[in-house]
1. Considering only Cα-Cα distances, which of the following residue pairs are longer than 22 Å: Lys53/Lys113; Lys208/Lys252; Lys69/Lys149?
2. Sequence neighbours fewer than 8 away in the same chain don't count; with that in mind, list the lysines whose C-alpha is under 20 Å from Lys86.
3. All other residues with a Cβ under 14 Å from the Cβ of Gly298 taken together, and with Lys, Arg as +1 and Asp, Glu as -1, what is their net charge?
4. Taking 37 °C and 0.692 mPa s as the conditions, I'd like the Stokes-Einstein D for the chain in µm²/s, using the Kirkwood hydrodynamic radius from alpha carbon pairs.
5. To make sure I understand the rule: partners must be aspartates and glutamates, Cα under 20 Å from the Cα of Lys207, and not fewer than 8 residues away in the same chain. Which ones qualify?
6. Diagonalise the Cα gyration tensor of the range 112-178 and give the resulting equivalent ellipsoid semi-axes, square root of 5 times each eigenvalue, largest first, whole Å.
7. Name the longest site-free stretch of the chain, where the excluded sites are GluC sites (Glu not before Pro) in a DSSP loop with no more than 13 other beta-carbon atoms within 10 Å.
8. I need the trypsin sites (Lys or Arg not before Pro) found in the range 5-111, filtered to DSSP loop residues with at most 16 other beta carbons within 10 Å of theirs.
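The values are calculated or read from the model by the stated rules, or taken from the named source; none is laboratory data. Because the structure is a prediction, the values reported are computed rather than measured. Note that each Cβ is placed from the backbone with ideal geometry, even for glycine, and that neighbours are counted across all protein chains shown. Side chains are part of the model used for accessible areas, which takes the heavy atoms of the whole protein and leaves out ligands, DNA and RNA. Shrake-Rupley method; radii C 1.70, N 1.55, O 1.52, S 1.80 Å.
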Amino acid sequence: MSDKKDQYSFLSYILNGLQLALTIAIDFTLSNGVPEDPKSLHYFDPNVNQYLKAITAVGRILENYDSDKMFPVLGFGCRVPMVLDKTSHCFALNGNIFNPEVPGIDGVIECYKNALRIVKLNGPTFFAHFLNYMVDMVEYETVTCKMNKYYIFLVLTDGLINDMEATTDAIVRASSLPISIIIVGVGDEDFTSMNVLDADDEPLYSKKFGKFMERDIVQFVAFNDYKNDPLELAKQTLEEVPRQLVSYMTAKGISPRRELLINMNNYSFFEAQKMAIIQSLHGMGFSDEKIQEILGRGLPENSTDLFKTHAFNPYFRNLLSEAASQMFQQYPH
């Protein structure tokens, strides 16, 4: 085709100010093995921990394309001390879902290590919760901003998904937005479901939305295929991103001009989420003082029920946010 919009390259968008915004989600299900066990995929030794190796190999490259180098980091599949007797399927590793960003890949690594010492691995493996949270973020920022970002979700997991239909719905929803999803499978489990999500052979269909995905946005890579070659791991993991980015921009008629890439947003997604829960808590009769006291310590999940559980608990501590605060002092931004 001769249409000029088809001639733009990935590099032309980057050189004209487009930012790649990285969000990371990490699997804390019990199938990984407890971190103290040398056979665990979460084993504390950085020389054998596949999660750390994948974060480092991919993150070091992507952080070069992110202007503020602040990365939201989410976890799923475990019990968080504050969340009591249920599995958390989407929580902030720094303990504050209303500001889940951490400084740089070094900060991501430290936050991950802190979380391993605090949370209790559990299950099952649900993707839809954190994927929809991420899609909500992109949808909000795409609607309330002029286009200046392309979002990359890096998901690190050890295998079988237990909510395949809901996950498919979330990916089909995401396919109309400026998003690429990279799934890195660690360990030796069956990754058949991941290859289905990759959709190289057949596009995903959502029963909920009654439609196929608009474009291919998922790339799956098995860590063990490249575990001895971090550069090749990074190459394979990021290989499809340029094509996916250009396909989105082309479909939306967005050319790489700086005047189209200006942030017009007054509030970030996280700020808007915080304002919404404050409004809800006011409606429940909580005072500004109590709201600020609890939110000041951070909530790992966006939940009014979680807030109410801890609002009058004199022994309430957010261990994740306390550990993150110490980490921020070590890695000032």
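1. Correct reply: Lys208/Lys252.
2. Leaving aside lysines fewer than 8 places away in the same chain, those within reach of Lys86 are Lys120, Lys308.
3. Net local charge, Gly298 excluded: -1.
4. 160
5. Asp136, Asp163, Glu165, Asp169, Asp198, Asp216
6. Taking √(5λ) for each eigenvalue gives 26, 17, 9 Å, largest first.
7. 37-238
8. Sites meeting the loop and neighbour criteria: Lys39, Lys86.
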